[in-house]
Amino acid sequence: MSLVLSVTHIASAVALVLLSVSLVSAALGSVGRAPWLEDLSRGLLAVIGAWMLWQALRRNTHRHDARTGLLVGLIAGLVPCPLTLFVMTFAVGRGVPEAGLVFAGTMVLGVATTLAAVAILAIVARQRLAQILATRPALLERVSGALGAIAGVALIVLGVNELLTR
């Protein structure tokens, strides 16, 4: 998921710049923005949050498959990376798009590594918590449901807030 998210996040910025920098600069003057793509990503985050909340309230304890993680990574990465947009626009403007592409590749590796490290830490923390609560399966189920509900509500609030305050 971390690799999909980082590639989508960085590649959308690179694509925006390479495909439209001259047209966007001449017509709009606000290079580096893709409002409809940003709104779509924000809205989809709220939808994912609502789905997570619904699952938690139903006490559905199913496991997520790899496709779910890839889809979440794709949706979360839809917002173009502002730093990559800036660097790519600058590089293209200076006539060295290759330098911008090298920067974008480095960003993909850095973002993917950071997100993977956070994911690994979360998995280890979850396993430790599960070991602690193993003697109390009912408590483990309630804690898991509560955490899922809290995460769902947080995503709903974040997505709706981002849509309303942009």
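The values are calculated or read from the model by the stated rules, or taken from the named source; none is laboratory data. Keep in mind it's a predicted model, so treat the numbers as computed, not measured. So basically every Cβ, Gly included, is an ideal-geometry build from the backbone, and we count neighbours across all protein chains shown.
Which pairs do you get when a residue that is over 10 Å from S41 (Cβ atoms), found in segment 72-83, comes within reach of a residue that is not in a helix (DSSP H, G or I), reach meaning Cβ atoms under 7 angstrom, with the pair 6+ apart or on two chains?
As it stands, the answer is V72/M1; G73/M1; P82/G32, since those pairs meet every condition given.
So in segment 122-149, with the set limited to residues that are small (G, A, S), closer than 16 Å to R58 by Cα and under 26 Å from the mean Cα position of the chain (by Cα), which one is surrounded by the most Cβ atoms within 10 Å (Cβ to Cβ)? So that I can check it myself, show each step before the final result.
Pass one, segment 122-149, residues small (G, A, S): 122, 125, 130, 134, 138, 144-146, 148-149.
Next cut, closer than 16 Å to R58 by Cα only: 138, 144-146, 148-149.
Imposing the further condition that a residue be under 26 Å from the mean Cα position of the chain (by Cα) reduces the set to 144-146, 148-149.
On the way: S144: 17, G145: 17, A146: 11, G148: 19, A149: 16.
The selected residue is G148.
Any residue in segment 149-166 that is modelled with pLDDT of 85 or more sitting within a Cβ distance under 7 Å of a residue that is among the β-branched types (V, I, T)? List the pairs, counting only those 6 or more apart or interchain.
Close Cβ pairs (under 7 Å, with a partner that is among the β-branched types (V, I, T)) amount to L155/I48.
Is there a residue being loosely packed, with under 11 Cβ neighbours inside 10 Å, of a type in the set (S, T, N, Q) and over 20 Å from G43 (Cβ atoms) anywhere in segment 56-71?
Among the residues of segment 56-71, at least one is loosely packed, with under 11 Cβ neighbours inside 10 Å, of a type in the set (S, T, N, Q) and over 20 Å from G43 (Cβ atoms), which makes the answer yes.
Take segment 40-59 and flag every residue that is assigned to a loop (DSSP other than H, G, I, E, B) and either at pLDDT 80 or above or farther than 14 Å from A146 by Cβ (or both).
To start, the set of residues in segment 40-59 that are assigned to a loop (DSSP other than H, G, I, E, B) comprises 58-59.
If the condition is that a residue be assigned to a loop (DSSP other than H, G, I, E, B) and either at pLDDT 80 or above or farther than 14 Å from A146 by Cβ (or both), then R58 is the only one that fits.
Any idea how many residues of segment 86-104 are surrounded by 12 or more Cβ atoms within 10 Å (Cβ to Cβ) and either in contact (Cβ under 8 Å) with a residue 60 or more places away in the chain or over 23 Å from the mean Cα position of the chain (by Cα) (or both)?
12
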